Amino acid sequence: MAPTPLLTVNDRGLYCEAGDFYIDPWRAVPKAIITHTHGDHARRGMGSYLTANEGLRVLRTRMGEDALIETVGYGTEFSMGPVKVSLHPAGHILGSSQVRVEYKGEVWVVSGDYKVFPDRTCTPFEPVRCHTFVTESTFGMPIYRWPDPAVVASEINTWWRENQAAGRTSVLLGYALGKAQRLISLLDPSIGPIYTHGAVEKLTADYRQSGIELPPTEQVVGHPKGVEWSRGIVIAPPSVQGTVWLRKFGDVSMAFASGWMTIRGTRRRQAMDRGFVVSDHVDWPELLWAIQETGCERVLATHGSVAILVRWLREQGLQADALQTQFAGEEDPVAGEEDPVVQEPVQDSESKIDQPDEQGAD
Ligand SMILES: [Zn+2]
Ligand SMILES: [Zn+2]
């Protein structure tokens with residue numbers, strides 16, 4: 001008889017029966033280990049949260065003052081009953097972790113969301129040896145290969161300068177947590193002021209208070225009338241598209257930063273003037289590299305293009321299967337029906353935090 005797997009999926013989330021805890025549960029549970037603070041991984045209503053030290057402030061902002069949050073340093077082993085657990089850097093956003101779970105000599109690692117490309121707004125990804133690797137596969141297709149972030153940074157800064165010269169305000173859209181701060185880290189503040197949407201500013205302050213150095217930013221709301229917005233660049237979440245919030249900026253050039261821009265940049269740019277390929281998930285070569293570095297025998301894939309990855313790994317002689325979870329992929333601003341990876345939770349959490357800050361503010 002086959003033993004119960006160390007981690008299983010039930011209606012509440014990814015569960016470890018031997019240690020009686022959940023990782024990134026989607027329904028309320030007593031004990032939740034949280035890989036990172038994006039809405040599809042960290043939800044309100046848990047009895048208690050455990051996350052990496054670095055992620056405390058952003059998790060607090062998203063879960064509220066009353067949430068019971070404990071933290072642990074990367075690489076520090078602790079016990080959940082007879083199970084040994086530790087968190088390891090995932091390189092996705094500030095405080096993002098992989099979760100290593102060990103029981104009776106068997107080791108599983110849950111990647112959460114992760115990337116290998118350099119990002120100075122969080123601790124870099126570190127591969128962790130394991131028998132079973134539960135990996136995200138948001139961009140698990142060979143067409144996804146990220147360009148050098150330094151090259152993309154100079155493209156963004158050039159676009160900003162050109163807009164400035166033409167008297168247009170640059171509006172750069174990206175997810176308010178993680179992506180926005182990474183974009184800010186890529187900007188050259190000598191060009192002009194960096195303005196932020198309220199949701200972005202709050203989380204950016206959390207990043208600074210967590211020790212991440214970022215260029216100065218100014219929140220849009222509260223600025224006196226008559227500001228020459230076109231000198232600056234505005235960093236805002238995708239939810240501002242089509243809203244009155246944008247009107248104050250006059251003539252704008254709008255861009256979106258996402259891994260999706262790899263293929264959608266041309267096809268679906270209708271609403272966008274530019275698309276920049278900046279992703280906080282692994283691309284195809286990074287994904288295969290990471291899997292190899294774990295030395296695992298078995299891969300369970302979740303998030304996104306699972307079938308292609310599973311088939312590819314099986315052809316290489318690895319055990320590989322899909323794992324059904326409720327984790328969503330990277331947000332796509334112009335998602336249509338052909339983007340099944342973009343699910344409700346991400347958008348919900350984003351709009352929840354956007355509205356109190358900005359609605360009716362001006
Ligand atoms: Zn994420
Ligand atoms: Zn995710």
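The values are calculated or read from the model by the stated rules, or taken from the named source; none is laboratory data. Note that the structure is predicted; figures quoted are calculated from it, not measured. A quick note on method: Cβ atoms are made from the backbone with ideal geometry, for glycine too, and the neighbour counts reach across all protein chains shown. Remember, those area values only see protein heavy atoms, side chains included, never the ligands or the DNA or RNA. Shrake-Rupley method; radii C 1.70, N 1.55, O 1.52, S 1.80 Å.
Placing +1 on the Cβ of every Lys and Arg and -1 on the Cβ of every Asp and Glu, with no other charges, gives the range 193-316 a dipole of roughly 580 debye about its Cα centre. Under the rule a/c < 1.5 gives rounded, and otherwise a/b versus b/c splits prolate from oblate, where does the range 149-276 land using the Cα gyration tensor? In terms of gyration-tensor shape, rounded. Set the Förster radius R0 to 22 Å, insert the Cβ-Cβ distance between SER48 and ARG298 as r into 1/(1 + (r/R0)^6), and round the FRET efficiency to 0.05. For R0 = 22 Å, the calculated efficiency reads 0.15.
Note on LYS225 and ASP11: with the Förster distance fixed at 56 Å, the Cβ-Cβ geometry gives a FRET efficiency of about 0.60. Using Cβ point charges alone (K and R +1, D and E -1), the dipole size of the chain about the Cα centre works out to roughly 260 debye.
The stretch between ALA271 and TRP289, if pulled fully straight at 0.36 nm per residue, gains 3.0 nm over its current Cα-Cα span.
Residues considered: ASP119, ASP148, ASP188. Largest GNM mean-square fluctuation over the chain, using C-alpha springs under 10 Å, is found at ASP148.
Which shape class, rounded, prolate or oblate, goes with the range 146-221 when its Cα gyration tensor gives a ≥ b ≥ c as root eigenvalues, a/c under 1.5 marks rounded, and past that a/b bigger than b/c marks prolate? It comes out oblate by the Cα gyration axes. The residues of the range 43-111 expose on average 39 square angstrom of accessible surface per residue, using a 1.4 Å probe on protein heavy atoms. Of the residues GLY304, GLY174, GLY64, which exhibits the maximal mean-square fluctuation in a Gaussian network model of the chain defined by a 10 Å Cα contact cut-off? Fluctuation is largest for GLY64. Spin-label model, SER154/THR71: points 7 Å from Cα along the beta carbon direction are separated by 3.7 nm.
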